1. Six or more apart or on different chains, Cβ atoms under 8 Å: show the pairs whose first residue is in region 82-97 and charged (D, E, K, R) and whose second is crowded, with 24+ Cβ neighbours inside 10 Å.
2. Go through (1) assigned to a loop (DSSP other than H, G, I, E, B); (2) under 19 Å from Gln12 (Cα atoms); (3) of a type in the set (D, E, K, R) one by one and return the number of the condition Arg53 breaks.
3. Take Arg38 and tell me if it is over 24 Å from Ile115 (Cβ atoms), surrounded by fewer than 20 Cβ atoms within 10 Å (Cβ to Cβ), in contact (Cβ under 8 Å) with a residue 12 or more places away in the chain and of a type in the set (Lys, Arg).
4. List every residue pair whose Cβ atoms sit under 9 Å apart, with the two residues 6 or more apart in sequence or on different chains, where the first one lies in region 1-22 and is free of Cβ contacts under 8 Å to residues at least 40 places away in the same chain and the second, anywhere, is of a type in the set (Lys, Arg) and not in a strand (DSSP E or B).
5. Being polar (S, T, N, Q) and in contact with a strand residue (DSSP E or B) (Cβ under 9 Å, 6 or more places away or on another chain) is the requirement here; does Thr88 meet it?
6. State yes or no: is Lys118 basic (Lys, Arg) and either surrounded by 16 or more Cβ atoms within 10 Å (Cβ to Cβ) or touching a helix residue (DSSP H, G or I) at 6+ places or on another chain (Cβ under 8 Å) (or both)?
7. Select from region 56-72 the residues that are touching a residue at least 60 places away in the same chain (Cβ under 8 Å) and in a helix (DSSP H, G or I) and list them in ascending order.
Amino acid sequence: MKKIHITLIGGQKMPVYKGIIASAPEYTYLVHTSGSRRDAEFIESMLDHPAERIEVDEFDMADIIQKVKEKVTQQGEITVNVTAALKTMSFALYKLFEQDPNATIFYMDQSDRYINLKTLEKKGCKYLPWTSVLRP
């Protein structure tokens, strides 16, 4: 089964990058708005695997769900990082994947603790130090 990662892009790049590293996906979808397009492009350029950007309207949950559903057609193990972006975007992805038995939905706090939102399991996260990959 292919490992797929879906992440929201918001004002902070670090939790997005850490979530990708922790999930070790084979393919990543970067869900962003017109305002976070540059951040999505930057993160995509840092990845060592294929990725695709999905631009959404941050206040239209139906739009978010529809666009992600249309793009994410591959079957496999799915991780969904709802840490970054607006709450409406996080709620939309949670709603879309909450019943999917192959999906893990998580939030990563500032202390690098990973919280599985379906099982409420908490654990630490291993990642590369952000400063080692951040380009000025």
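1. As it stands, the answer is none, since no pair meets every condition given.
2. Among (1) assigned to a loop (DSSP other than H, G, I, E, B); (2) under 19 Å from Gln12 (Cα atoms); (3) of a type in the set (D, E, K, R), the lone unmet condition for Arg53 is (1).
3. So Arg38 does not fit the description; no.
4. Hits for this filter: zero, empty list.
5. Here the answer is no, as Thr88 does not meet what is asked.
6. Values: basic (Lys, Arg): yes; either surrounded by 16 or more Cβ atoms within 10 Å (Cβ to Cβ) or touching a helix residue (DSSP H, G or I) at 6+ places or on another chain (Cβ under 8 Å) (or both): yes.
So Lys118 passes the test.
7. Selection gives Val68 alone.
Here is a yes/no grid of residues against (1) modelled with pLDDT of 90 or more; (2) outside any loop (DSSP other than H, G, I, E, B); (3) buried (at least 18 other Cβ atoms within 10 Å of the Cβ); (4) aliphatic (A, V, I, L, M):
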{"site": "Pro25", "(1), (2), (3), (4)": "yes, no, yes, no"}
{"site": "Tyr29", "(1), (2), (3), (4)": "yes, yes, yes, no"}
{"site": "Gln74", "(1), (2), (3), (4)": "no, no, no, no"}
{"site": "Phe91", "(1), (2), (3), (4)": "yes, yes, no, no"}
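The values are calculated or read from the model by the stated rules, or taken from the named source; none is laboratory data. Quick caveat: nothing in here was measured; it's all calculated off a predicted structure. For neighbour counting, all protein chains shown are included, and Cβ atoms are generated from backbone atoms with ideal geometry for every residue, glycine included.
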